[in-house]
Amino acid sequence: MIRLAVVILNWNGIDFLRRFLPSVINYTPADDTEIWVADNGSTDGSAEFLREQFSSVRLLELDRNYGFAGGYNIALDEINAKFYILLNSDMEVTPGWTQPLLRTMESDTSIAACMPKIRDVNRREYFEHAGASGGFIDFLGYPFCRGRVFDAIEKDENQYNDEREVFWATGACMMVRGGDWHAEGGFDETFFAHMEEIDLCWRWKNRGKKIMVSPLSVVYHIGGGTLPKENPKKTFLNFRNSLLMLLKNLPSGKLFLLLVRLFFDWLSILKFLSSFSLSNAQAVLRAHWSFFGLIPAYIKKRRAIRNSPGTPGIRGPVKALASLEHREIYKGSVVLSFFVLKKRYFSRIY
């Protein structure tokens, strides 16, 4: 078993590999560390390019596109490491980026995952949408970050430079403890992509694990490299997967919040229609129909999670821990805070 494996999941990202892989190779210490690219059935010649130009990088070729969730599940089953870093192909890393993350993970065995501070590669003084300086959710499952609330991105003036516990770490760049990853079964493959990291972090937290951000590690992200922000497929996945995540992880006494969330989703439909974004409005409707069809399967998943054994060192099964009131869940509505009360910054909300 090696100490650390940096695993880049690639799907038709040859241009990103050409641009950003050199920074990963140059700034990742070679001692007891391997850099892997798991190619998710690319058709753009990515695998051939890697063999020719980056022979030091280990290549795992998958036979088709299994999505973000399935691709990483398969890849990490093939790689034996104490820690993994799941790294997007459109990510530029900086000197010493792995050390703060490793120090954080090794300081406390109850930490299941840790993320760096993420800035925008094109506006380098600003946070980036996918994680910023640590992820949170509100009581209806809407995600937001230290440094990013919906589309309001803050300038990084070191206001969120403290290492602290958060609710979720971004799948764009997250270090995970191998034992915790495999014990929890990795990502939910039904999600395919989007929200799967929040679901996994919630499951970990329900087992008494911690999720951390270590802002001394800084990376730069393009964002939307595979699917643009307003792509209807991304809208579909985000809305459907949010509902599936709530059904899996909410305490039994709070499942009624799904009805509230569905109401808020209908407000989103009206907002899309008002901006003449018919395709995104239709995507939300399709997300709801898909969610309703998956309810029986997800009730079974919920029961399986609740009845599974507890984490070693934590008393009781998960169903006893799932009622914990996590401090990193905002008890108000981030939607109302942002759109009605005009609170655009994390520090004014949480």
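Every number in this text was worked out from the coordinates using simple rules, so none of it is lab data. The structure presented is a predicted model; accordingly, all values stated were derived computationally and were not measured. No Cβ is skipped: glycine too gets one built from the backbone with ideal geometry, and neighbour counts run over all protein chains shown.
Could you work out how far helix 14-27 tilts from the main Cα principal axis of the chain, as a 0 to 90 degree angle to the nearest 10?
Once rounded, one gets 70 degrees.
Per residue, how big is the convex hull of region 2-221 when only Cα atoms are used? Give it in Å³.
In region 2-221, the Cα hull volume divided by residue count equals 114 Å³.
At 222 nm, what helix-only mean residue ellipticity would the chain give, in deg cm²/dmol to the nearest 500, using -39500 (n - 2.57) for each DSSP H run of four or more?
-12500 deg cm²/dmol
Test of the criteria: in region 36-141, which GluC sites (Glu not before Pro) are in a DSSP loop and have at most 15 other Cβ atoms within 10 angstrom of their Cβ?
Here the GluC sites (Glu not before Pro) that fit, given the DSSP loop and packing criteria, are 125.
Relative contact order for region 1-93: what percent, with Cα pairs under 8 Å and sequence separation of 6 or more? It would help to have the intermediate numbers written out before the result.
Numbers: 155 pairs, mean separation 43.6, N = 93.
Answer for region 1-93 is 47 percent.
Rounded to the nearest 5, what is the percent of antiparallel bridges among the DSSP beta bridges in the chain?
45
Simple spin-label model, 7 Å along Cα-to-Cβ: residue 162 to residue 125 in nm?
Spacing of the two 7 Å Cα→Cβ label points: 2.5 nm.
So if we plug the beta-carbon distance of residue 61 and residue 340 into 1/(1 + (r/R0)^6) with R0 = 45 Å, what FRET efficiency do we get, rounded to 0.05? Spell out each step's value before the answer.
Working: r = 49 Å, r/R0 = 1.10.
So, using R0 = 45 Å, E works out to roughly 0.35.
So if I place +1 on the C-beta of Lys and Arg and -1 on the C-beta of Asp and Glu, and nothing else carries charge, what would the dipole magnitude of region 112-251 be about its Cα centre? I want it in debye, nearest 20.
Its charge dipole is roughly 140 debye.
Check the straight Cα-Cα distances from residue 343 and name the lysines below 27 Å, setting aside those fewer than 8 residues away within the same chain.
In chain and number order, the partners are 117, 155, 229, 234, 254, 271, 331.
In nanometres, what is the gap between the two model label sites at residue 15 and residue 32, each 7 Å from Cα along Cα-to-Cβ?
Placing both labels 7 Å beyond Cα along the Cβ direction yields 4.0 nm.
Which value, in debye to the nearest 20, describes the size of the charge dipole of region 2-221 about its Cα centre when Lys and Arg Cβ atoms bear +1, Asp and Glu Cβ atoms bear -1, and nothing else is charged? Kindly include the intermediate steps, with their values, before the conclusion.
Details: 22 positive and 34 negative charges, 101 e Å.
That gives a dipole near 480 debye.
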